[in-house]
Amino acid sequence: MLLTQDEAVKTFITNLTSQLSEWLEAGKLQRIVLVIMSKATGEVLERWNFNIVTDGEVVEKGVVKEKSDKEIMREIQAIMRQVSSCISFLPCLDEPCIFDVLAYTDTDTSVPFTWVESDAKLIDNPQMVKLHSFDTKIHKVDTLVSYKNDDWDEQ
């Protein structure tokens, strides 16, 4: 895990998590995508896609559906182990990189002026690996990582 000392990055992440939480609680968030790009060229190297399905009954009617924190934590830990194990097949990022976060929301969602429209930042001819999903009984999250085909794989 990387910890940053950069105040601008800390502020970005604080604002990001605050806005995503608001959209999640309102049932307006459909997908979050973490994009890792080459700093020099802007080429997308990895794309971490988190599809979110919200139980509308919980958001609209306030229906309570419970799942123990222990069960949820166990599922999240399984995903974290799987993310950690991705290092064995993801290409090594041996150049300075930047990241961006894309949020896919319902069309009627109000978006702060600090957020800007973006293209999908897709990877041409990507390799893809589907990771485990988890379910909180309110949100189900499916994860897929796409990455740039490593030239070594084709030789």
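Tabulated results
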{"item": "Contour minus Cα-Cα distance for Lys121 and Asp100 (0.36 nm per residue)", "result": "6.6 nm"}
{"item": "Inter-label distance, nm, simple model (7 Å from Cα along the C-beta direction), Val59/Asp142", "result": "1.7 nm"}
{"item": "Alpha-carbon centroid distance for the pair the stretch 105-150 / the stretch 49-94, whole angstrom", "result": "13 Å"}
{"item": "Cα gyration tensor shape for the stretch 48-148, rounded if a/c is under 1.5, else prolate or oblate", "result": "oblate"}
{"item": "The chain: angle of helix 69-85 to the longest principal axis, Cα-based, in degrees nearest 10", "result": "10 degrees"}
{"item": "Helix-only [θ]222 nm of the chain, DSSP H runs n ≥ 4, -39500 (n - 2.57) each, per residue, nearest 500", "result": "-8500 deg cm²/dmol"}
{"item": "J(HN,Hα) series, the stretch 43-57, from Karplus relation 6.51 cos²θ - 1.76 cosθ + 1.60, nearest Hz, glycine and proline x", "result": "5, 6, 9, 9, 9, 9, 10, 10, 7, 10, 10, 9, 6, x, 4"}
{"item": "Surface share of carbon and sulfur [accessible, 1.4 angstrom probe, percent] for the chain", "result": "55 percent"}
{"item": "For the stretch 87-155, with +1 on Lys and Arg beta carbons and -1 on Asp and Glu, the positive-most of Asn149, Ile98, Trp115 along the dipole", "result": "Trp115"}
{"item": "Where chymotrypsin sites (Phe, Trp or Tyr not before Pro) in DSSP loops with at most 12 other Cβ within 10 Å are excluded, longest remaining stretch of the chain", "result": "1-88"}
{"item": "Pairwise FRET efficiency - Thr41 versus Ile76, Cβ, R0 = 30 Å, nearest 0.05", "result": "0.35"}
{"item": "Cys86-Asn149 FRET efficiency (beta carbon distance; Förster radius 25 Å; 0.05 resolution)", "result": "0.95"}
{"item": "Solvent-accessible area per residue, Å², over the chain with all protein chains present [probe radius 1.4 Å]", "result": "69 Å²"}
{"item": "Selection of trypsin sites (Lys or Arg not before Pro), the stretch 1-104, meeting DSSP coil and at most 11 other Cβ within 10 Å", "result": "Lys39, Lys65"}
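The values are calculated or read from the model by the stated rules, or taken from the named source; none is laboratory data. These figures come from a predicted structure and were not determined experimentally. Every residue, glycine as well, gets a Cβ built from its backbone with ideal geometry; the counts of neighbours run over all protein chains shown. Just the protein is used for accessible areas: all its heavy atoms, side chains included, with ligands, DNA and RNA removed. Shrake-Rupley method; radii C 1.70, N 1.55, O 1.52, S 1.80 Å.
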